[in-house]
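Chemist: Got a structure for you, questions after.
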Amino acid sequence: MLHLLQGQILALLAAMVRLRRYPRSMPTHGEKTKPVQIIGCSCQFPQNVHLQAMTLPDTFSRRKRATQNKYDPLVYDILPNPLRNQVIQIFDEVIDLASQDRSRIYTQLNKFMRKEIGTTMLSQEPYPPSEFYRWFCHEQLSDFHLDAVEAICRLILELEARHRRSSRYEILQKIEELNARFLEASVGYQFEAGRLLQIDSKFEHKEVVVPALGFLAAKKYEAAEHEFLDAFDAFREGDYETTLVEACKSLESVIKVIGSEKGWGLDPNWPLKKLVGAVFDNDLIPSYMQTEFAGLKTILESGVGTVRNKSAGHGAGEKKREVPRHIAAFQLHQTAAAILLLIGAADA
């Protein structure tokens with residue numbers, strides 16, 4: 001199934017190349033074009049645009065796999081060949097849809113990856129796209145392959161930002177498709193908010209994490225978004241203690257923004273428990289519902305904050321502290337759920 005996913009990504013990229021719905025706007029002879037900055041983190045995820053879960057074509061083989069692999073766990077150390085091929089196909093389709101020169105785009109991508117890896121050539125292929133194809137599809141999986149996927153997604157965002165409005169939605173859909181291909185292959189990574197994130201559960205990611213990131217995309221929550229994404233980066237790197245700390249900081253930041261907007265007079269140095277107390281004292285949760293939601297206050301006060309304090313918030317002492325992966329995953333999900341609740345209530 002993983003090999004099939006790689007092939008689908010390449011096929012999607014190829015299909016985008018064949019898409020000719022709009023006239024090409026290639027530069028005229030002698031006209032200089034501004035290079036697309038694909039990796040320098042200059043790309044901004046479009047505000048007010050949130051990726052949606054894409055439904056892949058309804059085919060016999062897909063229905064059969066869904067029945068056979070309904071309870072497949074996510075994997076993180078396998079990038080099947082079909083999925084690798086699908087990634088390249090999606091990328092090629094975007095390049096064509098955006099009327100860009102494929103060789104020039106791949107030259108920039110190759111230069112970035114060579115420097116990151118510390119090599120002069122990714123492969124022995126002389127043509128830039130082929131140099132990348134050979135390395136990406138045939139070399140043993142490493143974190144550099146995931147770097148390349150993230151770089152490709154960022155490049156897609158750069159091309160989307162530069163292209164004519166009539167095709168921008170179609171370009172963004174390619175990232176949605178890439179995310180869908182990863183989930184179908186049960187490979188536990190998704191591109192959200194400009195980063196490749198490692199996810200722990202398909203359901204929680206789709207129903208809780210993605211909507212929370214949508215709320216955090218607002219400019220006023222920039223600090224909270226950064227902290228929440230740092231928690232995911234730490235989770236991907238196996239630094240579960242930092243995951244707990246950053247997740248709790250993001251929730252604190254959300255409450256401080258809401259309190260500032262509503263004039264609650266919060267002290268910036270208050271711990272999470274006092275911040276949650278202010279949420280209820282100021283009737284963000286309506287007073288007539290607070291009796292029924294008394295348990296909710298306990299969850300908010302003692303959930304995210306307590307996990308952080310007991311597992312990561314203070315010095316470890318003489319014995320090195322080990323935070324289990326499942327605790328870190330739980331922290332990410334309950335933080336996302338709390339953010340959804342609080343911002344939803346503030347905006348109601």
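We did not get these values from a lab; they are worked out from the coordinates using the rules stated. Predicted, not measured: the structure shown is a model, and the values here were computed from it. Neighbour counts run over all protein chains shown; Cβ positions are idealised from the backbone, glycine included.
Chemist: What distance in nm separates the simple spin-label points at Ser287 and Glu261, each placed 7 Å from Cα in the Cβ direction?
Modeler: So the two model labels end up 2.3 nm from each other.
Chemist: Further question on the same structure: Once both labels are modelled 7 Å past Cα along the beta-carbon direction, what's the Ala218-Ser103 spacing in nm?
Modeler: That separation, rounded to one decimal, is 4.9 nm.
Chemist: List the residues whose amide H sits under 5 Å from the amide H of Tyr189, counting only those 5 or more places along or on another chain, with H placed 1.01 Å from N in the peptide plane.
Modeler: Counting only residues 5 or more places away or on other chains, the set is Ile199.
Chemist: While we're on this one: Per-residue HN-Hα couplings for segment 254-260, Karplus 6.51 cos²θ - 1.76 cosθ + 1.60 at θ = phi - 60°, whole Hz, x for Gly and Pro?
Modeler: 4, 5, 5, 5, 4, x, 5
Chemist: Go through segment 265-273 residue by residue and turn each phi into a ³J(HN,Hα) via Karplus (6.51, -1.76, 1.60, θ = phi - 60°); whole Hz please, and just put x for glycine and proline.
Modeler: x, 6, 7, x, 8, 5, x, 4, 4
Chemist: Along the Cα→Cβ direction, 7 angstrom out, place labels at Glu237 and Leu141. What is the inter-label distance in nm?
Modeler: It is 2.1 nm.
Chemist: Among Thr242, Ser186, Val209, flag the residue with its Cα farthest along the positive direction of the charge dipole of segment 178-264, charges on Cβ as +1 for Lys/Arg and -1 for Asp/Glu.
Modeler: Final value for the positive-end residue is Val209.
Chemist: Where a ≥ b ≥ c are the square roots of the eigenvalues of the C-alpha gyration tensor, would you call segment 89-157 rounded, which needs a/c under 1.5, or, failing that, prolate if a/b is larger than b/c, or oblate?
Modeler: Values: a/c = 1.74, a/b = 1.39, b/c = 1.25.
Verdict is prolate for segment 89-157.
Chemist: Another one. Just to check I understand the Karplus step: with θ = phi - 60° and J = 6.51 cos²θ - 1.76 cosθ + 1.60, what whole-Hz values come out for segment 117-128, glycine and proline as x?
Modeler: With the stated coefficients, segment 117-128 comes to 7, x, 9, 8, 8, 6, 8, 8, 6, x, 7, x Hz.
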